[in-house]
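Before any comments, here is the structure.
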Amino acid sequence: MSARDTGVAGSVAFVTGAARGIGAAVVEELVREGATVAAVDVDAEGLSSLADRSQGRVVPFTADVADAAAIAEVVDRAERDLGPVGIGVSVAGVLRPGPLCETTDEDWADTFSVNTTGVFHVLRELGRRMTPRGRGSLVTVTSNAGGVPRAGMGAYAASKAASTMLTRCLGLELAAHGIRCNVVSPGSTDTLMQRQLWTCEDDLDRVIAGSPEQYRVGIPLGRIASPADIADAVLFLVSDHARHITMQNLFVDGGATLRA
């Protein structure tokens, strides 16, 4: 897709979790398509590096999505400095793996504060501003773990399932205002978060093959996703090519969930 036919060129986008991994790939894809991006993350150094590579098309904003006041302030600053936000992509997320019976209150709360409440803060602020303008596209990057049980990932899966339904409900409420809300659910993707789960050299092969003892299906396409694979799906959903698509959940996992 070129900048001419996606409808992204000239837009202002707001992307959280932008400093690395999927978020950084989304930012880079939007910039290539001609958008100016307000990039949001708690990692100021990572944001600075991303902005330096963008030739002025990425403006960094350091903020924690779990902080409602901080997100409201950053959205205000982004619209004041860059113009009305027409595209919003929520990518920021955390993973605290472990059996549910061993999950601490702190880990549970921290997981939901970013993965669910943080998404709510972002969608609420952007939705409030898009509504009177009668246009906009919002995408939440969740996880295929939100659609199928995962051993040792209960808090993460529950938080992602919640943010998925939150986004779809908002899509129903905002449809009459011309605002589309969709979800992208990646499977295993080659990011720092994924690699932090690995403990040996053959873990990549194990992810692709699956794990019967954990009731985990492998990846039918025989490869792990790259962040660019997820960014391409996001670009499609925010583009004019998806102008009649809303409240949908696009799994980008090589078939791993068998569309459960």
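The values are calculated or read from the model by the stated rules, or taken from the named source; none is laboratory data. These figures come from a predicted structure and were not determined experimentally. All Cβ positions, even for glycine, are placed from backbone atoms using ideal geometry, and neighbour counts span all protein chains on display.
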Qualifying positions in the stretch 53-62 - of a type outside the set (S, T, N, Q) and either part of a strand (DSSP E or B) or modelled with pLDDT of 95 or more (or both): ARG57, VAL58, VAL59, PRO60, PHE61
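For every residue, the table says whether it meets (1) modelled with pLDDT of 95 or more; (2) over 15 Å from THR167 (Cα atoms); (3) among the charged types (D, E, K, R).
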residue: ALA39; (1), (2), (3): yes, yes, no
residue: ILE87; (1), (2), (3): yes, no, no
residue: PHE120; (1), (2), (3): yes, no, no
residue: ARG135; (1), (2), (3): yes, yes, yes
Of the criteria (1) in contact with a Lys or Arg (Cβ under 8 Å, 6 or more places away or on another chain); (2) at pLDDT 95 or above; (3) of a type in the set (Gly, Ala, Ser), which one ALA158 fails: (1)
Residue under evaluation PRO220, criteria (1) in a loop (DSSP other than H, G, I, E, B); (2) touching a Pro at 6+ places or on another chain (Cβ under 9 Å); (3) of a type outside the set (D, E, K, R), criterion not met: (2)
Qualifying residue in the stretch 185-199 (condition: under 24 Å from VAL26 (Cα atoms), surrounded by fewer than 23 Cβ atoms within 10 Å (Cβ to Cβ), touching a strand residue (DSSP E or B) at 6+ places or on another chain (Cβ under 8 Å) and charged (D, E, K, R)): yes
Options GLY127, GLY134, GLY154; residue that is under 21 Å from ALA35 (Cβ atoms), buried (at least 19 other Cβ atoms within 10 Å of the Cβ) and not aromatic (Phe, Trp, Tyr): GLY127
Pairs where the first residue, in the stretch 165-186, is free of Cβ contacts under 8 Å to residues at least 60 places away in the same chain and outside any loop (DSSP other than H, G, I, E, B) and the second is polar (S, T, N, Q) and surrounded by fewer than 21 Cβ atoms within 10 Å (Cβ to Cβ), C-beta under 6 Å, 6+ apart: HIS177/THR131
Long-range neighbours under 9 Å by Cβ, at least six apart or interchain, first residue within 20 Å of CYS169 (Cβ to Cβ) and assigned to a loop (DSSP other than H, G, I, E, B) within the stretch 137-154, second modelled with pLDDT under 90 and of a type in the set (A, V, I, L, M): GLY147/ALA260
Top-ranked residue in the stretch 202-217 [being more than 19 Å from THR191 (Cβ to Cβ) and within 25 Å of the chain's Cα centre (by Cα); ranked as modelled with the highest pLDDT]: VAL217
Only listed residue being under 22 Å from PRO186 (Cα atoms), of a type in the set (Gly, Ala, Ser), in contact (Cβ under 8 Å) with a residue 24 or more places away in the chain and surrounded by 16 or more Cβ atoms within 10 Å (Cβ to Cβ), chosen from ALA78, ALA35, ALA39: ALA39
Qualifying residue in the stretch 102-110 (condition: among the aliphatic types (A, V, I, L, M) and in contact (Cβ under 8 Å) with a residue 24 or more places away in the chain): no
